[in-house]
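Structure, as structure tokens:
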Amino acid sequence: MRDFIKTSIGFLRNVSTTGAIVESSSQTQEELTTFVNKNTPQVIVEFGAGTGVVTRRILEKMHHLSVLHSFEINDNFAEKIGQIQDRRLHFHHRSADDVDEVISAPSSVDLIISTVPITILPAELVRSLTVKGKALLKNGGHFSQLVFSPIYKRHFKQYFGNCRIVSCLNMPPAFIHHATKND
């Protein structure tokens, strides 16, 4: 209940950068982390860590040698993420659009999991996150985006050539857009 209240207050205070009034459901968390591999070391990037529910699920499923770079700009949420004690987590209290300043090697990331609220962000920022994300992904790497509408399939197909949408029980209903880099 406390996390629900904190997420709701975070939403109301930062409506332009917070995408949900409640935390992601367990089904949504599971679908977002579909490509996290417990058996193989991966470099994973998380855009929009929020209160950390998806971050914690990623860490639970990750290989012990994997690395997770999580980005969050909301001060209240960043404080909560800062409480997670795991040597594999590299938390960046800054915009996900700065990802190329943190990870400069192209084609070095296995998976990007994004919960940034792309439906309310400026189109140029959404394009930038997608382009930078794709550039960082290895060939065969995955970009998984939480959206509360299935309308972004065309966007991801434009950049990746493919996009599969999975709907999840969530409040509001969630649509996970999965795109794979195949260059």
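The values are calculated or read from the model by the stated rules, or taken from the named source; none is laboratory data. Computed from a predicted structure; not experimentally measured. Here Cβ is always computed from backbone atoms with ideal geometry, including for glycine, and neighbour counts include all displayed protein chains.
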Residue within the range 144-160 that is farther than 14 Å from Phe35 by Cβ, touching a residue at least 40 places away in the same chain (Cβ under 8 Å) and of a type in the set (Phe, Trp, Tyr) present: yes
Condition check for Asp183: charged (D, E, K, R), crowded, with 20+ Cβ neighbours inside 10 Å and not in a helix (DSSP H, G or I): no
Residue in the range 152-161 that is within 20 Å of Val45 (Cα to Cα) and either at pLDDT below 95 or of a type in the set (Lys, Arg) (or both) present: no
Strands (runs of 3 or more DSSP E) fully within the range 50-127 counting 1 or more residues that are out of contact with any Ser or Thr (no Cβ under 8 Å at 6 or more places or on another chain) and either without any contact (Cβ under 8 Å) to a residue 60 or more places away in the chain or not acidic (Asp, Glu) (or both): 67-71, 109-114
Hey, Val53 in contact with a Lys or Arg (Cβ under 7 Å, 6 or more places away or on another chain), closer than 24 Å to Ser149 by Cα and modelled with pLDDT of 95 or more or not: no
Pairs, first closer than 17 Å to Arg154 by Cα and polar (S, T, N, Q) in the range 167-183, second at pLDDT 95 or above and assigned to a strand (DSSP E or B), C-beta under 6 Å, six or more apart: Ser167/Phe175; Thr180/His142
Any hit, the range 139-153, residues being over 21 Å from Ala174 (Cα atoms), surrounded by fewer than 20 Cβ atoms within 10 Å (Cβ to Cβ) and more than 15 Å from the chain's Cα centre (by Cα): yes
Qualifying positions in the range 63-76 - of a type outside the set (D, E, K, R) and surrounded by fewer than 23 Cβ atoms within 10 Å (Cβ to Cβ): His63, His64, Leu65, Ser66, Val67, His69, Ile73, Asn74, Asn76
